[in-house]
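The values are calculated or read from the model by the stated rules, or taken from the named source; none is laboratory data. Predicted, not measured: the structure shown is a model, and the values here were computed from it. Ideal geometry is used to build each Cβ from the backbone, glycine not excepted, and the neighbour counts take in all protein chains shown.
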Amino acid sequence: MALNAKANPNYVPKRINGKFAPGWSGNPGGSLEAMRRSFNKDFLLALAADFKKHGAAAIEKVREQQPAAYMKICALLVPREMKLEHSGGVKAMTDEQIVSAIAAIEAWMAAQKAGEAAKVIEGEAEVVPSLPAPARPTKAS
């Protein structure tokens, strides 16, 4: 005997006039996009919690044991491009601002000539081997 409203008063059809009834999904597994968003959210929350607990110690350990990797991470955090917008340039400056800018440039050039500019640190970059790919889990038979 088929289940219907006459045989079972609690019966709710999955489809009503060809459309899914409220509370019934045509894709019970969910969408891949929603699954990805959910995974990303959970992963980032877990990463943030772990970083709050161990972050400073992990950064210090990497800085001491693998300085090249530490510097690479620092460099990756810096944006590759910066957009600068000019807002009038010299034409928008007052006479006092122009005189002050010229004085600052002359002082900077004098420091360059005198050798008081930033010192260059000589040395060689340490090559850090890349990490191996994680092993894939094998199926237990």
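A few points about this structure:
- Total residues in the stretch 41-72 satisfying the condition of being of a type outside the set (A, V, I, L, M, F, W, C) and closer than 16 Å to Leu131 by Cα: the figure is 5.
- Taking each residue of the stretch 126-138 that is closer than 19 Å to Val62 by Cα and at pLDDT below 75 and looking for partners that are among the charged types (D, E, K, R) and surrounded by 10 or more Cβ atoms within 10 Å (Cβ to Cβ) with beta-carbon atoms closer than 9 Å, six or more apart or interchain, yields Val128/Lys72.
- From the list Ser100, Ser38, the one residue that fits, being of a type in the set (Ser, Thr, Tyr), in a helix (DSSP H, G or I) and either more than 31 Å from the chain's Cα centre (by Cα) or at pLDDT below 75 (or both), is Ser100.
- The set of residues from the stretch 65-97 being among the hydroxyl-bearing types (Ser, Thr, Tyr) and surrounded by fewer than 10 Cβ atoms within 10 Å (Cβ to Cβ) comprises Ser87, Thr94.
- Within the stretch 59-92, the set of residues being outside any helix (DSSP H, G or I) and at pLDDT below 85 comprises Val78, Pro79, Arg80, Glu81, Met82, Lys83, Leu84, Glu85, His86, Ser87, Gly88.
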